[in-house]
Amino acid sequence: QGVPKPFTEVIKANIGDAHAMGQKPITFLRQVTALCLYPELLANSTIPEDAKARARRLLAACGGVGSYSASPGIPLVRENVARFLQRRDGVPARANNVFLSTGASDAIVSILKLLVSGEGRSRTGVLVPIPQYPLYSAAIAELSAVQLNYYLDEENCWALDVAELRRAVTEGRRHCCPRVLCIINPGNPTGQVQSHQCIKDVIKFAYEEKLFLMADEVYQDNIYAKGSAFHSFKKVLFEMGPPYSEVVELASFHSVSKGFMGECGFRSGFVEVVNMDPEVQQELNKLVSVRLCPPVPGQVLLDVVVDPPQPGDPSYELFMTEKQEVLGALAHKARLTEEIFNRVPGIRCNPVQGAMYSFPRIELPPRARAAAEAQGQAPDMFFCMKLLDETGICVVPGSGFGQREGTFHFRMTILPPTEKLQILLEKLSSFYSKFVKEFS
């Protein structure tokens with residue numbers, strides 16, 4: 001409305017959109033996609049031969065990116081996803097158990113649709129971590145299922161405690177039928193990475209309680225902290241052997257929107273199902289066929305992510321350099337975020353072990369809480385709105401993700417370029433100190 005503001009731009013640190021925050025696309029991914037979208041480029045001598053060979057293979061497999069593909073995805077791409085999973089986990093993977101999707105979100109909703117049933121006390125209960133990614137609460141509400149919250153342990157770097165899972169299931173059984181356990185690893189919005197032992201404990205718990213496991217593993221490439229490592233639920237499940245590896249039902253999700261790729265706009269991802277009853281899997285086939293097929297350009301891009309250039313290929317060195325630059329910069333920004341926030345009295349930020357976000361805890365004075373109440377806002381929403389209005393920094397209040405009663409947080413991405421992130425962190429820190437003074 002033309003009202004003067006004390007800033008020149010809004011910094012959107014509220015959403016994990018890497019390219020919107022200035023991350024450059026990975027060259028090989030875009031070359032192959034461009035060739036498939038505009039095959040005339042195959043005559044261009046500046047594009048490397050391995051990109052052209054890949055494009056020709058994909059074009060032959062799908063009959064052109066303007067056509068529908070098979071509903072679960074292009075068979076060639078599903079086979080390459082299965083090979084990627086086999087390399088990652090050291091466990092056989094079958095293309096028939098892989099369903100390509102419009103980003104991981106679409107696959108998560110499809111699996112929830114499959115699992116939700118009943119009315120009254122027989123309604124499906126879905127365990128979700130708190131804080132959680134709001135896709136889960138929204139989908140659960142839309143499907144009229146019951147959300148069962150289990151709280152991550154903030155004092156212990158947002159660790160998952162099986163005793164807390166047990167509490168949530170026991171309470172849930174009083175009013176619904178707990179059937180599904182959702183895990184986000186690495187965590188969003190909390191950025192924690194689960195240990196091998198923790199994953200084993202969760203699998204044992206799911207086995208004992210006959211819960212279907214949904215493992216949201218879209219940040220598996222984004223691991224920064226020393227001593228942290230990504231372990232897929234499928235790998236750990238098969239290491240445990242029978243009876244677990246034969247009985248526990250699992251769906252695991254991945255996406256091209258995160259990792260080092262950050263290709264959110266292509267809307268591409270997949271789910272692999274493990275130990276799913278064949279008749280139920282047949283229903284999943286029907287369910288995905290309702291939406292015809294995932295975007296074909298996204299499937300093309302996914303193929304390159306799961307089967308990247310290999311040593312000796314013309315594109316290998318540039319690909320590895322670009323990938324390492326992105327992940328190295330994110331690791332540096334993860335440390336920087338924790339460091340700067342923890343200098344400020346009243347802000348406490350756990351180590352950002354993985355993913356793309358920090359979820360700092362902030363102390364808010366009683367007068368700030370009263371002012372928020374007078375405006376009909378949650379206290380952390382009140383803080384975030386004032387921050388936006390006075391600095392142009394846009395972050396998301398913790399109440400949007402869930403948090404323990406009486407605690408306040410905000411979620412912020414670590415995606416802005418390093419120089420901009422440093423300025424943002426310092427501006428946010430000094431705004432917080434000013435805010436506390438104003439309301440003390």
*Count the DSSP beta bridges whose two residues both fall in the chain, then state the antiparallel fraction as a percent rounded to the nearest 5.*
50 percent
*State in Å² the accessible area per residue of the range 58-306; use a 1.4 Å probe, count heavy atoms of protein chains only, and round to the nearest integer.*
37 Å²
*Using the Cα gyration tensor of the range 31-118, with a ≥ b ≥ c the square roots of its eigenvalues, what is the shape: rounded (a/c below 1.5), prolate (a/b larger than b/c) or oblate (neither)?*
prolate
*How much accessible area does R343 have with a 1.4 Å probe, in Å² rounded to the nearest 10?*
150 Å²
*the range 2-17 - phi-based ³J(HN,Hα) in whole Hz, Karplus 6.51/-1.76/1.60, Gly and Pro as x*: x, 6, x, 10, x, 8, 9, 8, 8, 9, 8, 8, 9, 9, x, 10
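Which of K12/K333; K200/K420; K5/K323; K113/K258; K226/K323; K210/K234 have a Cα-Cα distance over 28 Å? Before the final figure, lay out the partial values.
Numbers: K12/K333 16 Å; K200/K420 40 Å; K5/K323 38 Å; K113/K258 24 Å; K226/K323 19 Å; K210/K234 17 Å.
K200/K420; K5/K323, as the Cα separations exceed 28 Å there.
Would you list V32, V3 from the most to the least accessible area, probe 1.4 Å?
Working: V32 0, V3 95 Å².
Result, largest first: V3, V32.
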*How do T8, T124 stack up against each other in accessible area, from largest to smallest, with a 1.4 angstrom probe?*
T8, T124
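Using a 1.4 angstrom probe with every protein chain in place, what is the largest-first accessible-area order of I183, I15?
Details: I183 0, I15 95 Å².
Largest accessible area first, the residues go I15, I183.
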*Considering the values [x] 36, 30, 19; [y] 40, 28, 19; [z] 32, 29, 20, which represents semi-axes √(5λ) of the Cα gyration tensor in Å as calculated for the structure under consideration?*
[x]
*So what does K200 come to for accessible area, using a 1.4 Å probe and Å² rounded to 10?*
60 Å²
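May I ask you to give the percent of accessible area on the range 340-440 that is carbon plus sulfur, with a probe radius of 1.4 Å?
Working: 2290 of 4200 Å².
Carbon and sulfur atoms account for 55 percent of the accessible area of the range 340-440.
From the Cα gyration tensor of the range 58-306, with a ≥ b ≥ c the square roots of its eigenvalues, which class applies: rounded if a/c is under 1.5, or else prolate if a/b is larger than b/c, or else oblate?
Values: a/c = 1.66, a/b = 1.36, b/c = 1.23.
Prolate shape, in that a/c is at least 1.5 and a/b is the bigger ratio.
Once the Cβ-Cβ distance between R167 and I423 is put in as r, and R0 is 56 Å, what FRET efficiency do you end up with, to the nearest 0.05? Before the final figure, lay out the partial values.
Numbers: r = 43 Å, r/R0 = 0.76.
Taking R0 as 56 Å, the efficiency between R167 and I423 is 0.85.
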*Taking DSSP loops as anything outside H, G, I, E and B, show the longest stretch in the chain free of GluC sites (Glu not before Pro) there with at most 10 other beta carbons within 10 Å.*
120-404
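The values are calculated or read from the model by the stated rules, or taken from the named source; none is laboratory data. Keep in mind the model is a prediction, meaning the values are calculated, not measured. All Cβ positions, even for glycine, are placed from backbone atoms using ideal geometry, and neighbour counts span all protein chains on display. Each accessible area value is taken on the protein alone, full model and side chains, heavy atoms only, with ligands, DNA and RNA left out. Shrake-Rupley method; radii C 1.70, N 1.55, O 1.52, S 1.80 Å.
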